[in-house]
Amino acid sequence: MNLQSLVVVLLRLISLNFLLQVLNQLTPQLMRFFQVYQSYRNLDGGGSGSLLALPLLLIVAYCVGAVLLWVYALPIARWVTRGLPPELSLGTLTLADCYSLLFIGIGLFYAIANFAHVLNWAHYILRMAASHQDASWREEVKWYDASDAIIPFIVGLILFVNGRKWALALVRKEAKIANQPTPAADR
């Protein structure tokens, strides 16, 4: 196993975790901000949309940062591992195995960490639905708080189930890119 490849895998894991954290923690806050802004705008009689620019810009910047970390993981890994011996003995682990372990591990982490919250919300929602004759119970449920547990749980399950398949696809794509001739080699 190449040390540089392992650093790339870890950087991409950090990037994926960062993106999930941004989507999980900042997006519900942004939705709450939109609600407050709408209330303020209705009371004020209009208002400008400039208050919305900064939170949206922050979320977009964080997402772009996570994507850039994913895309530039290889150059960063080259820089981090320069001057170190390239080979790392991890037994018979391949790059696909490392990606699989990380995808499945992150998926399992998110699924297990949010499982109790999802069960709690499911019980609460079912109890609310059973105690009301009409759909008025839906207004009493804090859906953004519920999504704070449900979305990472679902993403965790998706990562857990598809981890190996995505790891193999990512390794194939990286191998395909590595086998393409560079423009300088064509001359």
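Quick notes on this one:
- Any hit, segment 167-178, residues being exposed (fewer than 14 other Cβ atoms within 10 Å of the Cβ) and β-branched (V, I, T): yes
- Flag for E87 being within 30 Å of W166 (Cβ to Cβ), among the charged types (D, E, K, R) and modelled with pLDDT under 85: yes
- Residues considered: L13, L20. Of these, the only one that is surrounded by 15 or more Cβ atoms within 10 Å (Cβ to Cβ) and modelled with pLDDT under 80 is L20.
- Yes/no for Q180 being closer than 30 Å to S5 by Cα, more than 28 Å from the chain's Cα centre (by Cα) and not hydroxyl-bearing (S, T, Y): yes
- Picking from residues in segment 133-145 that are at pLDDT 80 or above and surrounded by 13 or more Cβ atoms within 10 Å (Cβ to Cβ), the one that is farthest from Q29 (Cα to Cα) is W137.
- Failed criterion for Y110 (all others in (1) free of Cβ contacts under 8 Å to residues at least 40 places away in the same chain; (2) touching a Pro at 6+ places or on another chain (Cβ under 6 Å) hold): (1)
- Pairing residues of segment 3-31 that are outside the structural domain of L168 (by TED's automatic domain parsing) with residues that are loosely packed, with under 15 Cβ neighbours inside 10 Å and among the aromatic types (F, W, Y), at Cβ distances under 8 Å and at least 6 apart in sequence or on separate chains, gives P28/Y144; M31/Y144.
- Which numbered condition L84 misses (of (1) farther than 16 Å from L13 by Cβ; (2) surrounded by fewer than 15 Cβ atoms within 10 Å (Cβ to Cβ); (3) not assigned by TED's automatic domain parsing to the domain that holds V8): (3)
- For R172, the requirement of being more than 30 Å from Q25 (Cα to Cα), outside any helix (DSSP H, G or I) and out of contact with any Ser or Thr (no Cβ under 9 Å at 6 or more places or on another chain) is not met.
- Among the residues making up segment 113-126, a single one is closer than 10 Å to P152 by Cα and surrounded by fewer than 14 Cβ atoms within 10 Å (Cβ to Cβ): A113.
- Checking each residue in segment 36-71 for being of a type outside the set (A, V, I, L, M), at pLDDT below 75 and assigned to a helix (DSSP H, G or I) picks out Y37, Q38, S39, Y40, R41, N42, D44, S50, P55.
- Considering only residues in segment 96-123 that are among the hydroxyl-bearing types (S, T, Y) and modelled with pLDDT of 85 or more, the one that is nearest to V9 (Cα to Cα) turns out to be S100.
The values are calculated or read from the model by the stated rules, or taken from the named source; none is laboratory data. Keep in mind that this is a model prediction, so the values were computed, not measured. Cβ sites come from the backbone with ideal geometry, for glycine too, and all protein chains shown count toward neighbours.
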